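**Q** Have a look at the structure that comes next, please.
The values are calculated or read from the model by the stated rules, or taken from the named source; none is laboratory data. Here the structure is a predicted model, which means the values were calculated and not measured. Positions of Cβ are generated from backbone atoms using ideal geometry, with glycine treated the same way; all protein chains shown enter the neighbour counts.
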Amino acid sequence: MNDATATRATRRAMLRAAAAFSVWGLEALIAPEACANALQVGGPAPPAVLVALDGRRIATADLLGHVVILTFWATWCGPCRTELPLLSAYAAQHTGQGLTVLGFSLDTAEDLRKVQLVAQSLSFPVGLLANSTLPGYGRIWRIPVNFAIDRKGRLIDNGWKDKQAAWTAERLERIVTPLLNNHSS
């Protein structure tokens with residue numbers, strides 16, 4: 001094999017590898033959206049693991065028997081900052097009934113101090129989304145967005161489909177309170 005032939009073969013191999021990587025990378029970008037579209041109210045909720053600011057790993061799989069709210073927020077999001085105190089008060093009031101709220105902040109590690117300051121006033125664990133695992137919920141692009149899971153691990157409220165994304169007292173009473181009152185759900 002001469003030098004020109006070897007160079008062409010090397011180039012072809014590199015192009016094939018780049019093409020394969022491009023297809024894999026494109027699939028990785030598309031897959032989260034496809035997962036989010038597959039969410040079905042009444043079906044099993046996808047697993048989620050929050051890595052809390054204190055290092056605890058809290059998995060929804062370990063919370064069967066609890067009603068779980070997953071909330072996604074950021075320190076720079078005005079509607080989120082309005083929603084968080086309401087959700088925190090509701091969580092504190094209903095923890096004894098088996099409610100668990102997990103807060104995923106979209107802030108970056110550079111803003112960790114800001115997240116910690118907000119988290120100090122909340123009654124539920126908070127972690128950075130970047131450190132946590134939520135493969136079935138898609139790319140979180142709109143906030144606040146929330147999901148509710150019943151005691152059997154079924155998705156009861158799909159935040160992507162909600163016209164009003166933020167929790168209000170009325171919405172919590174309509175969606176979550178019945179789940180808490182129904183111990184067989």
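**Q** Only one of these conditions is not met by VAL51: (1) surrounded by 12 or more Cβ atoms within 10 Å (Cβ to Cβ); (2) out of contact with any helix residue (DSSP H, G or I) (no Cβ under 6 Å at 6 or more places or on another chain); (3) outside any loop (DSSP other than H, G, I, E, B); (4) at pLDDT 50 or above. Which number is it?
**A** Exception for VAL51: condition (2).
**Q** Just for the range 66-76: of the residues that are in a loop (DSSP other than H, G, I, E, B) and within 17 Å of the chain's Cα centre (by Cα), which one is farthest from ARG171 (Cα to Cα)?
**A** Step one: filter the range 66-76 for residues in a loop (DSSP other than H, G, I, E, B), giving 66, 74-76.
Now drop any that are not within 17 Å of the chain's Cα centre (by Cα), which leaves 74-75.
Details: ALA74: 21, THR75: 22 Å.
Taking the candidates together, the pick is THR75.
**Q** Considering each residue of the range 63-118, count those that are within 23 Å of PRO44 (Cβ to Cβ) and touching an Asp or Glu at 6+ places or on another chain (Cβ under 7 Å), and give that number.
**A** Of the residues in the range 63-118, 1 are within 23 Å of PRO44 (Cβ to Cβ) and touching an Asp or Glu at 6+ places or on another chain (Cβ under 7 Å).
**Q** Quick one: which of THR177, THR133 is among the hydroxyl-bearing types (Ser, Thr, Tyr) and more than 24 Å from ARG57 (Cβ to Cβ)?
**A** Only one candidate qualifies: THR177.
**Q** In the list ILE143, ILE149, ILE156, which residue meets the criterion of being surrounded by 13 or more Cβ atoms within 10 Å (Cβ to Cβ), over 22 Å from GLY65 (Cα atoms) and not hydroxyl-bearing (Ser, Thr, Tyr)?
**A** Exactly one residue qualifies, and that residue is ILE143.
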